[in-house]
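Written out below as structure tokens is the structure these notes cover.
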Amino acid sequence: MRQTVEAVIDLRRHRRLYLFPGDAAPENLEPLVGEPINVERIKANWNDILRLVTTIRSGQVRPSTLLAKLSAFPRQNGLALALRYIGRTDRSIFLPQWWRNPDMRRNATIGINKSETQNTLAHALFLNRLGELRDRTFESHFYRASGLNLLINAIVCWKTLYLEQAFADLNRDGIATPPV
């Protein structure tokens, strides 16, 4: 029960709306509003933000590498905090669109279900090793993971090629099949 309560609290924290200083939320949304966006922090780090974006867009450094370096500082620096406020602004624009648009939520659920299905297949195929990569070297991990992905892709390809034919044969024999 405690995990469920913590999950709900965590979900509320990640679904907060953030407003600019001086803006007021409608009364029904006030419980979802967090602290105001620190515009001065964004302005103070604007040149660094532009440099960061240019570096990513030019392909010189991967975004994950830059984020890992920013999070490695013992205390969060000004750039990391400015990026957090920009992310909160973006989320505050996106969330009302998400809440209003059932098609957007449905498409996301379909994508999540596909990913979960693939993870379930990978777990079933990898169960003999208890879902762990016990090899010692990175190269061995890479080979084993690549082999697992190759096996998953072969199964998906087989299903794509032969299940359609199997359903057609069943329908031709008068056995109804559920729509896909």
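Details
- With a Förster radius of 45 Å applied to the C-beta separation of Asp90 and Asn171, the computed FRET efficiency comes to 0.40.
- Solvent-accessible area, 1.4 Å probe, carbon plus sulfur percent, for the chain: 58 percent
- Between Val61 and Ala145, the distance separating the two model label sites (each 7 Å from Cα on the Cα→Cβ line) works out to 2.2 nm.
- Range in the chain, longest, excluding exposed trypsin sites (Lys or Arg not before Pro) [loop by DSSP; at most 11 other beta-carbon atoms within 10 Å]: 1-74
- The lysines within cross-link reach of Lys159, meaning a Cα-to-Cα straight distance under 21 Å and a gap of 8 or more places when in the same chain, are Lys114.
- Candidates Leu163, Leu70, Leu95: whichever shows maximal mean-square fluctuation once the chain is modelled as a Gaussian network with Cα springs under 10 Å: Leu163
- Of the GluC sites (Glu not before Pro) found in region 80-177, those that fall in a DSSP loop while having at most 16 other beta-carbon atoms within 10 Å are Glu132.
- Other residues within the sphere of radius under 15 Å centred on the Cβ of Ile37, judged by their own Cβ, net out at +2 (K and R +1, D and E -1).
- Within-13-Å neighbourhood charge of Val61 [Cβ basis; K, R +1; D, E -1]: +4
- Springs join every pair of Cα atoms under 10 Å in this Gaussian network model of the chain, and among Ile42, Ile155, Ile93 the largest mean-square fluctuation is at Ile155.
- Gaussian network model of the chain, springs between alpha carbon atoms under 10 Å - residue of Leu29, Leu170, Leu83 with greatest fluctuation: Leu170
- Pairs of alpha carbons in the chain whose separation is greater than 29 Å (percent): 54 percent
- Based on protein heavy atoms only, the chain ends up with 80 Å² per residue of surface accessible to a 1.4 Å probe.
- Each helix, a run of at least 4 DSSP H residues, gives -39500 (n - 2.57); summed and divided by the residues of the chain, these come to -23000 deg cm²/dmol at 222 nm.
- Its Cα centre serving as origin, the chain has a Cβ charge dipole (Lys and Arg +1, Asp and Glu -1) of approximately 540 debye.
The values are calculated or read from the model by the stated rules, or taken from the named source; none is laboratory data. As the structure is a prediction and not an experimental result, all values here were calculated from the model. Neighbour counts are summed over all protein chains in view; Cβ atoms, including those assigned to glycine, are modelled from backbone coordinates with ideal geometry. Each accessible area value is taken on the protein alone, full model and side chains, heavy atoms only, with ligands, DNA and RNA left out. Shrake-Rupley method; radii C 1.70, N 1.55, O 1.52, S 1.80 Å.
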